[in-house]
Every structure is written in structure tokens, then in C-alpha cells.
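The values are calculated or read from the model by the stated rules, or taken from the named source; none is laboratory data. Computed from a prediction, not measured in an experiment: that's the story for all the values here. Every residue, glycine among them, receives a Cβ derived from its backbone with ideal geometry; neighbour counts consider all protein chains shown.
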Amino acid sequence: MSRLPSNSLAYALRQAARIDAAVFAGQSLADNLLARVEAVARPAVQDLVYGSLRAYGRGDFFLARLLERPLAVDEVRALLLVALYRLETRPEAVHTVVDQAVSAAGEIAHGKFRALVNGVLRSFLRQRTALEAALQADPVAPNQHPAWWLQELQAAWPEQWSAIVAAGNQAPPMALRVNRRRCSRADYQAQLAAAGIAASPLGDDGLTLAQPVPVDRLPGFFDGLVSVQDPGAQRAAELLAPAPGSRVLDACAAPGGKTAHLLERADLDLLALDLKPARCRRIEDGLGRLYLAAKVVAADCTQLDQWWDGLPFDAVLADVPCTASGVVRRNPDAKWLRRPEDIASFALTQSRILDALWQVLRPGGKLLYATCSVFPRENQRQIRGFLARQPAAGIIHEEQILPDAERDGFFYCLLEKRS
Ligand SMILES: C[S@@+](CC[C@H](N)C(=O)[O-])C[C@H]1O[C@@H](n2cnc3c(N)ncnc32)[C@H](O)[C@@H]1O
């Protein structure tokens with residue numbers, strides 16, 4: 001329990017430090033670490049957490065020069081990272097930020113680090129110009145990604161890597177998918193305009209907002225008119241496009257964004273699988289909000305005997321687990337938690353999933369392989385390996401979306417099973 005007022009900057013800094021420290025101890029932001037934050041402070045804490053994790057490479061560089069020795073308490077280090085992020089991005093009222101950070105430090109380790117927090121942040125303000133110049137001269141720190149990650153990007157995308165990194169360091173755009181069963185996109189855009197929310201169309205069903213807004217400000221959100229989904233993710237349903245009445249498998253479905261989009265576009269006999277029961281409940285909740293229906297089963301899609309009735313599918317979506325290297329701006333913890341060997345480990349899992357799902361596809365059927373990664377070992381090279389193992393597989397369409405101002409990074413390969 002914090003004794004700081006929940007509407008104070010000190011409270012937001014304190015909570016953000018707690019969450020960043022949990023991430024550095026190995027927890028994922030997907031574990032709902034914001035749940036314990038008072039509702040009034042959640043937007044501010046979210047901004048501090050996501051911003052400081054996106055900018056961790058900068059903060060780490062500054063602390064290496066500002067601290068005489070490593071800090072014994074992780075939450076104090078996290079508090080300094082969060083406060084540095086705030087000082088760099090909102091340079092007004094810097095002394096208030098320092099004072100509030102010192103108040104936050106009063107709640108950590110019996111307040112023993114208040115003087116240190118005060119001293120480090122004031123040193124930063126005094127040396128800021130020199131520190132920022134040194135950072136710009138560093139080969140890694142200004143990119144705000146781990147060195148091994150940058151090497152992967154540079155090898156794969158020698159022309160585009162710095163644009164990929166720049167996109168990953170931005171706050172993401174907020175995009176919507178209009179539920180075409182309940183509302184046309186033009187009508188929904190008009191409803192947004194009436195609510196003072198500017199948006200522009202993208203893809204078949206998408207609208208990108210000029211500014212992010214909380215979902216409870218979106219007209220008809222709780223009545224299923226619209227969902228939050230990146231336009232890059234919306235490509236899955238556009239590409240697989242199963243015909244009405246098809247028997248469709250969404251094999252790695254949770255939380256269900258692509259399942260719902262497939263069902264919004266056509267009446268389907270759809271089976272949605274996911275490994276984790278708790279995540280399956282999120283699929284069901286989403287479908288309920290959107291007035292859609294599918295059979296949802298918690299199962300490992302590679303264990304066919306657990307869930308397959310032996311009837312082949314007309315279309316399969318394999319939205320496989322991956323490094324998420326195309327969506328680092330939405331999951332800024334991932335780039336610091338991942339290790340280089342994770343790429344090979346994901347690639348192995350992905351190849352097992354592909355091989356298993358190929359067996360449940362009917363001859364002439366289509367399988368869409370999807371990742372939100374930009375690493376070729378999970379994408380183009382994965383598919384080359386698969387084609388070598390499965391001579392009956394042919395590519396109908398392949399696309400790599402690199403993250404930019406409009407879309408997150410995704411890879412899609414639409415495969416056909418030749419009869
Ligand atoms: C990229 S996410 C899917 C996102 C989802 N398609 C959407 O659009 O909302 C990958 C999902 O695969 C699930 N998963 C991982 N291994 C699996 C397996 N062997 N069988 C079924 N699901 C699996 C994970 O639990 C995770 O929810």
C-alpha cells in the first residue's frame with residue numbers, strides 16, 4: 001500500500017518503478033502488472049512504464065555514468081530510469097519531478113535512498129548536455145535496443161534497419177477494426193467525428209485515430225461496433241478470406257482479434273484453439289462483445305489427438321508464437337527480456353506447429369502462416385524450410401510488413417496444399 005496521493009506524480013513514479021523492476025526481474029507486461037495501480041493514475045503510470053522501457057537504452061547509458069557503483073535495490077534503479085525518462089520527455093518543471101521522485105523514494109527500502117535519488121537526478125540535470133552528446137556518439141545506446149537485436153536487424157534489413165528501430169521507439173498509433181456486421185466503416189467514422197475523434201481509413205475495415213483515446217470513449221465499443229486492432233494484424237483475415245460456410249481452424253487464437261475479424265467477414269464453421277485456458281476465456285469474452293460465435297477449445301495444436309475429429313479444414317490460420325520483434329513499441333519489455341537464443345527456440349516451435357497443422361488441411365485448402373516478427377529465421381527462412389519438407393505446399397502470396405507510422409511489423413505467407 002502506498003501512502004502517496006494517487007493523483008500525485010510521486011505515486012505514478014513509485015508505481016512505474018515497481019512495475020519496471022518486476023519486468024527487469026523477468027515478468028512480462030502482459031501479466032497485467034498495471035492492475036494494482038489506482039484507476040485514476042493508470043494512464044500516467046502506463047505512459048511512464050512503456051516510455052521508460054522503450055527508452056531503457058538511454059536511461060541505462062546515463063545511469064552507468066551517474067552512479068559510482070551498481071545499486072543494490074532494483075526498485076531504486078527503476079525509479080531513477082522512470083524519473084530520467086520523465087525529465088527527458090517533459091522538460092518543464094524539472095525540479096518538481098526531482099522532488100516527486102525523492103518522495104517516491106521515501107517508500108522504497110525505508111527511504112534510505114532519498115538522498116541518492118536527489119543527487120543522481122540533480123547531477124543529470126547539471127550534466128545533461130554533455131551526457132546527451134556522449135549518448136549520440138555511442139554506437140548502440142541511441143537506438144534503444146539491445147546490441148544483439150540491432151545486429152539481427154542490420155543483417156536482415158541493411159537498408160531499412162534504422163527505420164525499423166525508429167518505428168519501434170515511437171508510441172504506437174491506435175487503430176480500430178469496424179465490425180462490418182454491425183456498422184459500415186463510413187458510418188462509424190461519422191460517429192467518431194461526432195464524438196470529436198478524428199480518424200482515417202486504412203485497409204478493408206480499419207480506422208486509424210489521430211490520437212489514442214480510452215476505449216470507453218469509443219462510440220458503441222461495449223456494444224460490439226468496433227475493436228482495437230493494428231492494421232497490420234487486420235491483414236490476416238484479408239489474406240485468408242475463407243469463403244462463407246468454410247470449415248476454418250484458428251490454431252493459435254488468443255486473445256482472439258483475428259478470430260473475430262474472420263467471423264465478422266463471413267459466416268464460418270470456426271474452431272479456435274489456444275494452449276492456455278485463461279487466454280481462451282479472452283477469446284470468448286471478445287466474441288461475446290462482438291455478437292459472434294465459434295467453438296473455442298484449450299489445447300496444444302500440435303497434439304492432434306487432443307482436439308482433432310479427423311475432418312479436414314478448408315482454411316487454417318497459424319498465427320504462431322514469435323519474438324514479437326515487429327511490435328516492440330507495444331511490448332517494450334520484450335526487447336530487454338528476450339535473449340539471442342530465443343529466435344532459434346521460437347523457430348523450432350513454429351516449424352513443429354506448421355508441420356502439425358499441415359496434416360489437418362484438406363487438399364486444395366489454404367494455410368496462412370503469420371508472425372508479428374521481422375526476423376527472417378521466423379519468417380522467410382521458416383517458410384523455405386517448410387517448403388523443402390512439404391513438396392505439396394506452394395506459396396500463393398507472401399508479404400513482410402515492416403513497422404512504420406501506420407502499421408506494426410507482420411509477416412504473412414499464404415500457402416496452398418496442392419492435390
Ligand atoms: C501471436 S499470439 C496469437 C494472437 C491471436 N491470433 C490474435 O490475433 O489475437 C500466439 C498464441 O499462440 C498460443 N500458442 C502457443 N503455442 C501454442 C500451441 N502449441 N497450441 C495452441 N496455441 C499455442 C499462445 O498462447 C498465444 O496466445
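Pull up the stretch 322-355, narrow it to residues that are within 11 Å of the ligand (Cβ to nearest atom) and surrounded by fewer than 16 Cβ atoms within 10 Å (Cβ to Cβ), then point me to the one that is nearest to the chain's Cα centre (by Cα).
Among them, the one singled out is T349.
Give the stretch 237-250 a look and list any residue that's crowded, with 23+ Cβ neighbours inside 10 Å and either assigned to a strand (DSSP E or B) or in contact with a helix residue (DSSP H, G or I) (Cβ under 6 Å, 6 or more places away or on another chain) (or both), or say none.
A237, V248, L249, D250
Testing A93 on (1) in contact with a His (Cβ under 8 Å, 6 or more places away or on another chain); (2) at pLDDT below 95, one condition comes back false. Which one is that?
The single condition A93 does not satisfy is (1).
Could you list, in sequence order, all residues of the stretch 82-135 that are β-branched (V, I, T) and either touching a residue at least 24 places away in the same chain (Cβ under 8 Å) or surrounded by 15 or more Cβ atoms within 10 Å (Cβ to Cβ) (or both)?
V82, T89, V94, T96, V97, V98, V102, I108, V117, V120
What do you reckon, is A253 surrounded by fewer than 16 Cβ atoms within 10 Å (Cβ to Cβ) and small (G, A, S)?
So A253 fails the test.
Please work out if R126 is in the same structural domain as L63 (by TED's automatic domain parsing), basic (K, R) and closer than 25 Å to L48 by Cβ.
yes
So which helices (runs of 4 or more DSSP H) are wholly in the stretch 333-418 and hold at least 3 residues that are farther than 25 Å from Y56 by Cα and either free of Cβ contacts under 8 Å to residues at least 60 places away in the same chain or acidic (D, E) (or both)?
It comes to 341-358, 380-389.
Filtering the stretch 278-291 down to residues that are more than 10 Å from the ligand (Cβ to nearest atom) and surrounded by fewer than 21 Cβ atoms within 10 Å (Cβ to Cβ), which residue is nearest to P321 (Cα to Cα)?
R281
So, of the residues in the stretch 151-194 that are assigned to a helix (DSSP H, G or I) and in contact with a Phe, Trp or Tyr (Cβ under 7 Å, 6 or more places away or on another chain), which turns out to be nearest to A233 (Cα to Cα)?
Out of the qualifying residues, it is I164.
Given the criterion part of a strand (DSSP E or B) and more than 16 Å from the ligand (Cβ to nearest atom), identify the matching residue among L273, L207.
Of the residues listed, the single one that is part of a strand (DSSP E or B) and more than 16 Å from the ligand (Cβ to nearest atom) is L207.
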